[in-house]
Amino acid sequence: MIQQVDLLLTNIGQLLPMTSTGPRAGKAMQELTIIEDGAVGIKDGTVVFVGTSDAVTDIRADKVIDCEGKLVTPGLVDPHTHVVFGGSREHEMALKQQGVPYLEILKQGGGILSTVEATRKATEEELYKKASFYLDRMMTFGTTTVEVKSGYGLDAKTEMKQLKVAKQLQQHHKMDLVSTFLGAHAIPTSHKENPEQFLDEMLAMLDDIKEEELAEFVDIFTETGVFTVEQSRAYLQKAKEKGFQLKIHADEIDPLGGTEMAASLGATSADHLVGASDEGIKKLAESGTIAVLLPGTTFYLGKHTFARAREMIEQGVTVSLATDFNPGSSPTENLQLIMTIAALQLKMSPEEIWNAVTVNAAHAIGRGDEAGQLAVGRKADVVIWDAPNYLYIPYHYGVNHVNTVIKNGKIVAERMRIID
């Protein structure tokens with residue numbers, strides 16, 4: 001029987017379908033199905049065929065793309081970003097190079113508080129336009145699903161503004177977005193002496209956020225000088241009771257126990273984890289909480305100690321990778337670059353890296369059933385790479401390897417250019 005499709009990709013050198021029944025943990029992250037001389041059929045925005053080119057004799061297509069032996073994978077998933085913000089902080093780079101401490105940069109009007117000020121001043125329209133530009137660029141690098149956090153308001157009005165912009169982007173941008181409320185990103189100067197009051201103010205927003213469907217996740221920055229483990233636990237427990245899924249900025253610098261707390265609360269993910277303890281890593285493996293590692297942040301800040309990905313994987317943790325795109329500590333939309341840093345600094349294998357930016361990343365933001373895989377019945381989010389095999393992407397760094405990005409069955413980017 002002849003099958004009619006809208007789009008047929010043939011002559012694929014290596015096809016990585018990334019099919020999996022769940023997130024891949026520990027040694028399973030080494031597993032990678034490779035289809036040589038592959039083909040993918042797409043109809044009505046959905047994958048309807050995944051297999052070899054010699055099996056498509058009964059398929060007729062409105063459009064055929066000869067992939068000329070190139071690598072084809074699912075669209076990448078970036079599970080930790082801060083895309084919606086005002087201003088930028090390029091002037092701080094020279095200060096950092098001179099060794100000026102972060103607290104001194106704060107005193108000079110820089111740091112996160114400068115981004116907060118710019119975000120408060122920006123209109124929704126300005127934030128939407130700026131974030132759209134960043135999302136477009138992410139898509140040209142092969143990312144088709146992304147998590148977006150608030151956190152540059154530090155007051156109810158601006159946090160709601162950020163979340164509303166994120167919802168508008170969900171509705172109108174080609175990218176699939178997952179929204180996270182990170183009101184507890186820092187302690188505003190107005191509440192330095194009473195952070196609990198600030199947390200109460202953020203918690204008071206949750207009913208409206210839930211009613212307006214502005215976020216699925218609630219996050220908090222658990223770190224020295226920000227929020228303690230005790231404060232974070234109480235905050236997240238109340239968010240969980242309101243029906244939100246949990247994420248945590250945990251143990252980025254000091255091993256405070258945020259990783260253990262994330263596991264005990266059943267958080268979907270714990271992020272950063274540079275200072276995660278042995279016990280914290282063990283708890284992650286036991287709980288199934290996904291470790292979202294952000295090596296681009298460590299790299300950009302000039303730190304020499306990276307998250308212990310090897311120990312995590314060997315202990316059976318599910319590991320994912322993200323850009324942590326933000327204006328202060330990781331200003332990059334390029335998940336391909338993060339893949340290279342993961343190989344060189346986290347000592348992750350290519351197989352582990354591909355699982356970390358597709359299957360595991362999708363599960364880290366609650367999209368394991370629709371993103372990060374090429375399988376019949378799923379969304380047709382596909383990337384054709386100017387690369388002969390999957391090893392090549394983390395190996396050849398500093399350039400964009402994307403040839404074509406297909407989102408929901410439609411070509412949305414070609415050779416680093418967004419298609420209207």
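Residue-level analysis places Lys407 among those that are closer than 24 Å to Val83 by Cα and of a type in the set (D, E, K, R). Is it the case, given these coordinates, that Ala215 is small (Gly, Ala, Ser) and in a helix (DSSP H, G or I)? Judged against the criteria, Ala215 is not a match. Is it fair to say Lys210 is within 20 Å of His80 (Cα to Cα), surrounded by fewer than 23 Cβ atoms within 10 Å (Cβ to Cβ) and either charged (D, E, K, R) or touching a Pro at 6+ places or on another chain (Cβ under 8 Å) (or both)? Against the criterion (within 20 Å of His80 (Cα to Cα), surrounded by fewer than 23 Cβ atoms within 10 Å (Cβ to Cβ) and either charged (D, E, K, R) or touching a Pro at 6+ places or on another chain (Cβ under 8 Å) (or both)), Lys210 does not qualify. Scanning the stretch 273-309 for residues being within 19 Å of Met348 (Cβ to Cβ), surrounded by fewer than 24 Cβ atoms within 10 Å (Cβ to Cβ) and polar (S, T, N, Q) gives a total of 2. Going through (1) hydrophobic (A, V, I, L, M, F, W, C); (2) in contact with a strand residue (DSSP E or B) (Cβ under 7 Å, 6 or more places away or on another chain); (3) surrounded by 17 or more Cβ atoms within 10 Å (Cβ to Cβ); (4) over 14 Å from Leu71 (Cα atoms) one by one, Ile384 falls short only on (4). One residue stands out in the stretch 218-238 among those that are touching a Leu at 6+ places or on another chain (Cβ under 6 Å) and assigned to a helix (DSSP H, G or I): the one that is farthest from Gly258 (Cα to Cα), namely Lys238. Only one of the listed residues (Val64, Val83) is under 30 Å from Leu7 (Cβ atoms), of a type in the set (A, V, I, L, M) and assigned to a loop (DSSP other than H, G, I, E, B). That residue is Val83. Looking at the structure I just gave you, is Ala362 among the small types (Gly, Ala, Ser), buried (at least 24 other Cβ atoms within 10 Å of the Cβ), within 29 Å of Phe217 (Cβ to Cβ) and in contact with a helix residue (DSSP H, G or I) (Cβ under 9 Å, 6 or more places away or on another chain)? No; evaluated as a whole, the condition is false for this residue. Note on the stretch 368-381: residues that are surrounded by fewer than 24 Cβ atoms within 10 Å (Cβ to Cβ) and of a type in the set (Asp, Glu) amount to 2.
From the list Thr73, Thr57, Thr52, Thr81, the lone residue that is under 30 Å from Ala270 (Cβ atoms), polar (S, T, N, Q) and either touching an Asp or Glu at 6+ places or on another chain (Cβ under 7 Å) or without any contact (Cβ under 8 Å) to a residue 24 or more places away in the chain (or both) is Thr81.
Every condition in (1) within 20 Å of Ala375 (Cβ to Cβ); (2) surrounded by fewer than 23 Cβ atoms within 10 Å (Cβ to Cβ); (3) among the basic types (Lys, Arg) is met by Arg24 except one, and the failing one is (2). Could you tell me how many of the residues in the stretch 334-358 are within 12 Å of the chain's Cα centre (by Cα) and either more than 19 Å from Ala387 (Cβ to Cβ) or among the hydroxyl-bearing types (Ser, Thr, Tyr) (or both)? Residues flagged as within 12 Å of the chain's Cα centre (by Cα) and either more than 19 Å from Ala387 (Cβ to Cβ) or among the hydroxyl-bearing types (Ser, Thr, Tyr) (or both) within the stretch 334-358 amount to 1.
Here Glu36 does not fit the description of being part of a loop (DSSP other than H, G, I, E, B), over 30 Å from Gly151 (Cα atoms) and acidic (Asp, Glu). Regarding the stretch 350-373, can at least one residue be identified that is out of contact with any Ser or Thr (no Cβ under 9 Å at 6 or more places or on another chain), over 23 Å from Lys149 (Cβ atoms) and among the charged types (D, E, K, R)? Within the stretch 350-373, one or more residues are out of contact with any Ser or Thr (no Cβ under 9 Å at 6 or more places or on another chain), over 23 Å from Lys149 (Cβ atoms) and among the charged types (D, E, K, R). For the stretch 175-204, a residue qualifies if it is buried (at least 21 other Cβ atoms within 10 Å of the Cβ), in contact with a helix residue (DSSP H, G or I) (Cβ under 8 Å, 6 or more places away or on another chain) and either under 11 Å from Ala239 (Cβ atoms) or among the polar types (S, T, N, Q) (or both), and the qualifying residues are Ser179, Phe181, Gly183, Ala184, Leu199, Met202.
With respect to the conditions (1) modelled with pLDDT of 95 or more; (2) in contact with a Gly (Cβ under 9 Å, 6 or more places away or on another chain); (3) among the acidic types (Asp, Glu), Asp200 lacks only one, and its number is (2).
Here's the yes/no breakdown for (1) at pLDDT below 95; (2) surrounded by 24 or more Cβ atoms within 10 Å (Cβ to Cβ); (3) in contact with a Cys (Cβ under 8 Å, 6 or more places away or on another chain); (4) of a type in the set (D, E, K, R):
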| site | (1), (2), (3), (4) |
| --- | --- |
| Val226 | yes, no, no, no |
| Val229 | no, no, no, no |
| Lys242 | no, no, no, yes |
| Gln245 | no, no, no, no |
| Asp251 | no, yes, no, yes |
| Gly257 | no, no, no, no |
| Ala262 | no, yes, no, no |
| Gly266 | no, no, no, no |
| Asp271 | no, yes, no, yes |
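The values are calculated or read from the model by the stated rules, or taken from the named source; none is laboratory data. For clarity, every value in this text was computed on a predicted model and none was experimentally measured. As a convention, Cβ positions derive from the backbone with ideal geometry for all residues, glycine included, and neighbour counts pool all protein chains shown.
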